[in-house]
Amino acid sequence: MSSLMKGTAILTIGLFLSKLLGLIYIFPFYAIVGEDNIALYNYAYIPYNIMLSVAIAGLPIAVSKFVSKYNALGDYDAGRRLVKTGALLMTLTGIVAFILMNLLATPLANIVIDSEEQTFTVEQVANVIKWVSYALIVVPFMSLVRGYLQGYGHYLPTSVSQLVEQIVRIVFLLGGAFLVVKVMGGDEIAAINFSVFAAFIGAIGGLLTLFYFWKKLRPEIKAVQTVAPKEQRLPYSDMYKEIFKYSIPVVFVGLGGSLFQLIDLLTFNRAMSASGVPAEIYEPYFTMLNLLTQKIVMIPVVLATGFSMAIIPTVTKFYTEGNLRQVHSAMDKTYQVLLFITVPAAIGISILAEDLYHFFYSFSEMGTQVLSHYAPLAIFFALFSVTAAMLQGVNYQKWVIFSLLVGLLTKTILTIPLIHLMSVDGAILATALGYGATIAINIFVLKKVTDYNATVVLRRILLIIILTVVMALGVWITHMILTAIAPADTKVLALLYAIICAGVGAILYGAISYRLGLAQLLLGEKFTKIARKLRLVK
């Protein structure tokens, strides 16, 4: 395996584990603070995600690109000067961002809170946003160090520090909330403030991990560094211009999901209130829409994109070489693998929404409705990530920004009218249409740039849809039989029914796709070995 592929694999695994932990922690956290109070956490969660995307998504990749490029040209001094000035700049940026977020906390809370009838006050929402802002002080500097070490081909520090950061954050979040609520008998509002502060504690954990690697790798880096004469040095203006050029498209991709959620944060409560819906109904709906159901739906998205993102470096490599035939082959495989995993998973979640929501949270007709209708968006989320990554792979980053802006504009224009028309389903539909516009532009540009013909993929999509329909019928019938025998009125039964139905669906989908040769074609011989071990095939 080449060092590039090995590095990509390390980063992918670290990012996958970090994201997976970032999805599943919400389930025990919900059990500690309850549905009513977790809404307050949600108000800080979206600004936190935006902050995290800006700090983590763009800078490490931009810095690593810059350092590796100038190291390859023999100008090791450029990277040295970047990290030296960047350390001060990122520290100042973090402090300024922290102050700015504190200043904007109350105005943002005033937009979010529509009336005095809502469960939380403006002051409570502003406080929780202020508590999460402490992480801004640390994260930008940490991202600079990650990118610098990646530029020297050291990917393990980024992967390990991301994982440590997430683990420390979740342990502090869950442990702190449990101590405040269950042991000390404190109120849930205090526990929420304590929990969002966990972002800062997690960042400290990640930073200490990076310092360990920095100390270990410093002699190796120092051995190759040189100090260039002043007349040969790259001007700082050119240096930071190049960094921004690299980072902005990556930041936009990382921000995509959070920006769509931000639109809901700023519009949902007011639109529902204007439609005559009381606060005790639309507040839970918003929490279900933008936090609780989203966590469940994103699990297959992370699995699918993690699987297909491994193919993205291949697209970049072949496009750079001018080998369009291999580019088309890699794109075909990426689309097919993505849809092969995501489509049945999304439909399965939609069918089993009642049991899944009951097990992970509590029994709720509202929660079941939102999860059932929201689940198909997993397909859009996955396609957006992959098509945006492909555009970056073929060096058409500007189109990523353009397509995302079109999608966000579509979402912004349609959200309020659709909420008035369809309630919470209007917000879901507006998100689907926004993502749909972005994905359509991405695919169109990829087709033009690479002269891509999607005939094979379209045929396979039709086959995947037919297989999913068969699977869905099997799951639905199995679930009907089980609930006729005994309704899933406990979490244990809800989990058992979900496992049985998902098992039936997986066996049906896997066995038929294997018989048709589709599974082996997309997932390789490893699928055959697993199928034989499970005695699904001979």
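The values are calculated or read from the model by the stated rules, or taken from the named source; none is laboratory data. Predicted model, so just to flag it, every value in this text is computed and none were measured. So basically every Cβ, Gly included, is an ideal-geometry build from the backbone, and we count neighbours across all protein chains shown. Ligands, DNA and RNA are excluded from the accessible area calculation, which covers all protein heavy atoms including side chains. Shrake-Rupley method; radii C 1.70, N 1.55, O 1.52, S 1.80 Å.
The 3J(HN,Hα) values that the Karplus relation (6.51, -1.76, 1.60; θ = phi - 60°) gives for the range 383-397 are, in residue order, 5, 4, 4, 6, 5, 5, 5, 5, 4, 5, x, 9, 6, 10, 4 Hz. Gly and Pro appear as x.
Distance between the modelled labels on H420 and F363, one decimal in nanometres: 3.8 nm (7 Å Cα→Cβ projection). Considering helices alone, the calculated mean residue ellipticity of the chain at 222 nm is -28000 deg cm²/dmol, with DSSP H runs of length four and up weighted by -39500 (n - 2.57) and normalised per residue. Between L266 and L73, the simple spin-label model (points 7 angstrom out along Cα→Cβ) gives 3.8 nm. Between the residues N42, F252, A199, the greatest Cα displacement towards the positive end of the dipole of the chain, with unit charges on the Cβ of Lys, Arg, Asp and Glu, is found for F252.
Evaluate the Debye formula for the range 60-104 with equal point scatterers sitting on the alpha carbons, no solvent, and hand back log10 of I(q)/I(0) at q = 0.32 Å⁻¹, in q order, two decimals. Here log10 of I(q) over I(0) equals -1.03. Longer than 27 Å from Cα to Cα, which of K295/K447; K19/K447; K65/K411; K245/K295; K317/K411; K69/K216 are they? Say none if no pair is. Table pairs above 27 Å Cα-Cα are K295/K447; K19/K447; K65/K411; K245/K295; K317/K411.
Between the residues L352, F211, S423, the greatest Cα displacement towards the positive end of the dipole of the chain, with unit charges on the Cβ of Lys, Arg, Asp and Glu, is found for F211. Report the paramagnetic label zone for V183: residues of the range 20-35 whose backbone N is under 17 Å from a point 7 Å from Cα along the Cα-to-Cβ axis. It comes to 29, 32-33, nothing else. Electrostatic bookkeeping for D489 treats Lys and Arg as +1 and Asp and Glu as -1; over the other residues with beta carbon under 15 Å from its beta carbon, the sum is -2. For K317, the solvent-accessible surface with a 1.4 Å probe is about 110 Å², rounded to the nearest 10. Residue separation of L405 and R218 scaled by 0.36 nm, minus their Cα-Cα distance, works out to 63.2 nm of gained length. A cut-off under 15 angstrom between Cβ atoms defines the neighbours of L405, and their net charge, with Lys, Arg +1 and Asp, Glu -1, is +2. Shape verdict for the chain, please, from the Cα gyration tensor: rounded (a/c under 1.5), prolate (a/b greater than b/c) or oblate. The shape class here is oblate. Size descriptors for the range 243-391 (Cα atoms only): Rg and Dmax, in that order, 18.5, 59 Å.
Can you tell me the length gained on complete extension of the stretch T490 to R515, counting 0.36 nm per residue apart and subtracting the Cα distance?
That pair, T490 and R515, stretches by 5.3 nm at full extension.
Accessible area per residue was computed with a 1.4 Å probe on protein heavy atoms; K245 scores about 150 Å². Heavy-atom accessible surface of E188, to the nearest 10 Å², is about 60 Å², with a 1.4 Å probe and all protein chains retained.
With a ≥ b ≥ c the root eigenvalues of the C-alpha gyration tensor of the range 377-474, is it rounded (a/c under 1.5), prolate (a/b larger than b/c) or oblate? Oblate is the answer for the range 377-474, as a/c is 1.5 or above yet b/c matches or exceeds a/b. Listed values for the range 202-215 are Karplus-derived 3J(HN,Hα) couplings in whole Hz (6.51 cos²θ - 1.76 cosθ + 1.60, θ = phi - 60°), namely x, 4, 4, x, x, 5, 5, 5, 5, 4, 4, 5, 4, 4, and x replaces Gly and Pro. Counting 0.36 nm for each residue step from K84 to T483 and taking away their Cα separation leaves a gain of 137.3 nm.
Solvent exposure of the chain amounts to 44 Å² per residue of accessible area, where only protein heavy atoms count and the probe is 1.4 Å. Each residue of the range 174-182 is assigned a 3J(HN,Hα), and the resulting list reads 5, x, x, 5, 5, 5, 5, 8, 8 Hz, derived from the Karplus form 6.51 cos²θ - 1.76 cosθ + 1.60 (θ = phi - 60°), x at Gly and Pro.
Computed over the alpha-carbon atoms, the range 78-137 gives an Rg to Rh ratio of 1.25, Rh here being the Kirkwood radius from the mean inverse distance. Quick one: grab the alpha carbon gyration tensor of the range 126-283, order the square roots of its eigenvalues as a ≥ b ≥ c, and give me rounded if a/c is under 1.5, else prolate or oblate depending on whether a/b is larger than b/c. The shape class here is oblate.
How much of the accessible area of the chain, probe 1.4 Å, is carbon plus sulfur, in whole percent?
Values: 16550 of 23920 Å².
Carbon and sulfur together cover 69 percent of it.
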